[in-house]
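Engineer: Below is the structure I would like to discuss, written out as structure tokens.
The values are calculated or read from the model by the stated rules, or taken from the named source; none is laboratory data. Source: prediction; values computed, not measured. Counting neighbours? That spans all protein chains shown, and the Cβs are built from the backbone with ideal geometry, glycine included. We work out accessible area using only protein heavy atoms, side chains counted, and drop any ligands, DNA or RNA first. Shrake-Rupley method; radii C 1.70, N 1.55, O 1.52, S 1.80 Å.
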Amino acid sequence: MSGKEQDETSIAFPPVYIISDSVGLTGSAIARAAAVQFGIENPRIEICAKVTSFDEIRSFFEQHIEDDLKTSNCTSVVVFYTLVSAVLAGELRSYVLQHPEIVALDIMTPALDALAKVSGRIPLRAPGKLHVANQQYFSRIEAVEFAIAHDDGRNPQDLTHADMVLLGVSRSSKTPLSIYLSQQGYKVANVPLDMQTEPPSELFEVDPARIFGLMTSPDLLVSIRRKRLGNAAGVAQQYADPNYVYDDLEKARNFMRRLGCIVIHTEGRAVEETAQEILTYYLAAFPYHFQ
């Protein structure tokens, strides 16, 4: 190990403190995203949430930060604060100026100032607006629950209640796409297609414009299935056999033709890219989904 590497590993990674007038999710997400760039996947994060007065912030600092500096080998701590109240943010900045052991970053104010400057509007400065439990929020929670309950062909009797139905052979990204789209507020069911079983008859009751068949190349699918099998490849050799995979895809393709659904190719694409193509087709057919 070089001297530089030894110095870096001997320095303790500082705890990160989040001060928020909401629940602290924004600050926590930024802290984790930054920490991982230093090889720290699970940084220590302490949150002071739903603050309404600076006395709460001062009390939090006195109880946590001062004790932490005494018990750890850190000489400084990091504070991310997301305060929409200009008064609270100003009081915190003044406090930090008197405490050089605190390295603080105001996450919210620069964002508000930039948007206000460009839009010409005045921010509401109302805490917790991002997490207001409105109807759309509950709709998204319901959509995620629907996707989980209708993953991998479960509860086929509900297929006509889905906004979208994804079809595909094993390892064609059905579940990741279902979860991703459900987080956007869409009720998604996914149905596996394979050589041994017949797809549920309820699929023929679903509007074909709501059904999306997922296809990929045989070579890529063979590679993915072999990696999936790992040490069990010898036991389930047929699953990743090129000829079997080709036949599996062909049967799936023929069934998709029978349904008249839209076919989406997933090879070489991120989940987000494939989801965007699906949404382009879906919103063209159903433009008023959220209205």
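Engineer: I need every pair where a residue in segment 250-264 that is free of Cβ contacts under 8 Å to residues at least 60 places away in the same chain and within 10 Å of MET215 (Cβ to Cβ) has its Cβ under 7 Å from the Cβ of a residue that is open to solvent by 40 Å² or more (accessible area, probe 1.4 Å) and part of a helix (DSSP H, G or I), sequence separation at least 6 or different chains.
Structural biologist: Correct list of pairs: ILE264/GLU277.
Engineer: Also: List the helices (runs of 4 or more DSSP H) that sit entirely inside segment 10-82 and contain at least 1 residues that are more than 20 Å from TYR95 (Cα to Cα) and either of a type in the set (D, E, K, R) or touching a strand residue (DSSP E or B) at 6+ places or on another chain (Cβ under 7 Å) (or both).
Structural biologist: Of the helices (runs of 4 or more DSSP H) lying wholly inside segment 10-82, those with at least 1 residues that are more than 20 Å from TYR95 (Cα to Cα) and either of a type in the set (D, E, K, R) or touching a strand residue (DSSP E or B) at 6+ places or on another chain (Cβ under 7 Å) (or both) span 25-35.
Engineer: Separate question: Return the residues of segment 114-132 that are modelled with pLDDT under 85, open to solvent by 60 Å² or more (accessible area, probe 1.4 Å) and not β-branched (Val, Ile, Thr); say none if nothing qualifies.
Structural biologist: LEU124, ARG125, PRO127, LYS129, LEU130, HIS131
Engineer: Another question about this same structure. For segment 258-272, how many residues are open to solvent by less than 50 Å² (accessible area, probe 1.4 Å) and not in a loop (DSSP other than H, G, I, E, B)?
Structural biologist: Number satisfying all stated conditions: 4.
Engineer: Also: Scan segment 211-221 for residues that are surrounded by 20 or more Cβ atoms within 10 Å (Cβ to Cβ), out of contact with any Gly (no Cβ under 6 Å at 6 or more places or on another chain), closer than 15 Å to MET256 by Cβ and not β-branched (Val, Ile, Thr) and report the count.
Structural biologist: Number satisfying all stated conditions: 2.
Let's see how each residue does on (1) small (Gly, Ala, Ser); (2) open to solvent by less than 60 Å² (accessible area, probe 1.4 Å); (3) modelled with pLDDT of 90 or more:
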position: VAL16; (1), (2), (3): no, yes, yes
position: SER20; (1), (2), (3): yes, yes, yes
position: PRO43; (1), (2), (3): no, yes, no
position: GLN63; (1), (2), (3): no, no, no
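Engineer: Yes or no: ARG225 at pLDDT below 95 and more than 23 Å from the chain's Cα centre (by Cα)?
Structural biologist: yes
Engineer: Answer with yes or no whether ASP152 is open to solvent by 60 Å² or more (accessible area, probe 1.4 Å), of a type in the set (D, E, K, R) and touching a helix residue (DSSP H, G or I) at 6+ places or on another chain (Cβ under 8 Å).
Structural biologist: Yes, satisfied.
Engineer: Go through segment 92-113 and give me each residue that's open to solvent by 20 Å² or more (accessible area, probe 1.4 Å) and either more than 22 Å from SER28 (Cβ to Cβ) or outside any helix (DSSP H, G or I) (or both).
Structural biologist: Scanning segment 92-113 gives SER94, LEU97, GLN98, HIS99, PRO100, GLU101, VAL103, ALA104, LEU105, ASP106, ILE107, ASP113.
Engineer: Output the residues belonging to segment 169-190 that are surrounded by 24 or more Cβ atoms within 10 Å (Cβ to Cβ) and farther than 21 Å from PHE138 by Cα.
Structural biologist: Answer for segment 169-190, where residues must be surrounded by 24 or more Cβ atoms within 10 Å (Cβ to Cβ) and farther than 21 Å from PHE138 by Cα: SER172, LYS174, ASN190.
Engineer: On to the next question. Check ALA232, ALA189, ALA236 and return the single one that is in contact with a Leu (Cβ under 8 Å, 6 or more places away or on another chain) and at pLDDT below 90.
Structural biologist: Within the list ALA232, ALA189, ALA236, the selection yields ALA236.
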